[in-house]
Amino acid sequence: MINYSLIEKNKNKIINFGVIILVLVIALQFHRSANDRISSLIQQQNNELEKNKVIEDIAALEKKAEAYKKVFIKKDLASIMDIISGIAKDASVKIISVKPNAEEVLDNHSNFSFLITLSAPSYHALADFISKIENHKDIYLVSEVNINSTVSSLEATRANVDLEVNLKINTIAYL
């Protein structure tokens, strides 16, 4: 049945074959372990790259916020009125009166508003004034416009009567 002489004769070959099989099994286990470790390191690297991208985005937003802080600096009423007077002169409108309102202090900025009564020769001049105010490099927002006229607009153009306009202008300053 079992040929012991054949086994005895090939004993070294059988042992070598067994050792080779055992080494292959151990090498396969090391290979699997190394692949699992490499996969986890690649996943960890991807997570860190995503975190770095988020941090870069936050840094860019912080730079933009700092730039906006420089735009939203608080100005005194005299400098605001100098700017608005210059714009009014360019737009051919006359400022009749200025009435400052109370300053609203919010979380991280303040809102300063004032009412301006002005005289405009035409709707075009009024629109030009409002456009220049809202497109100024400093932040000015026209929140209310009231146009008063005792005569109709057709009569006003014939009689060369100016429009009396009340504007509420807001400016924002970062605290």
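The values are calculated or read from the model by the stated rules, or taken from the named source; none is laboratory data. Since the structure is predicted, the reported quantities are computational estimates derived from the model, not experimental observations. As a convention, Cβ positions derive from the backbone with ideal geometry for all residues, glycine included, and neighbour counts pool all protein chains shown.
List of remarks:
- Check on Tyr140, buried (at least 17 other Cβ atoms within 10 Å of the Cβ) and among the hydroxyl-bearing types (Ser, Thr, Tyr): yes
- The number of residues in segment 135-163 being at pLDDT 85 or above and more than 17 Å from Ile95 (Cβ to Cβ) comes to 3.
- Qualifying positions in segment 101-135 - surrounded by 14 or more Cβ atoms within 10 Å (Cβ to Cβ) and in a loop (DSSP other than H, G, I, E, B): Pro121, Ser122
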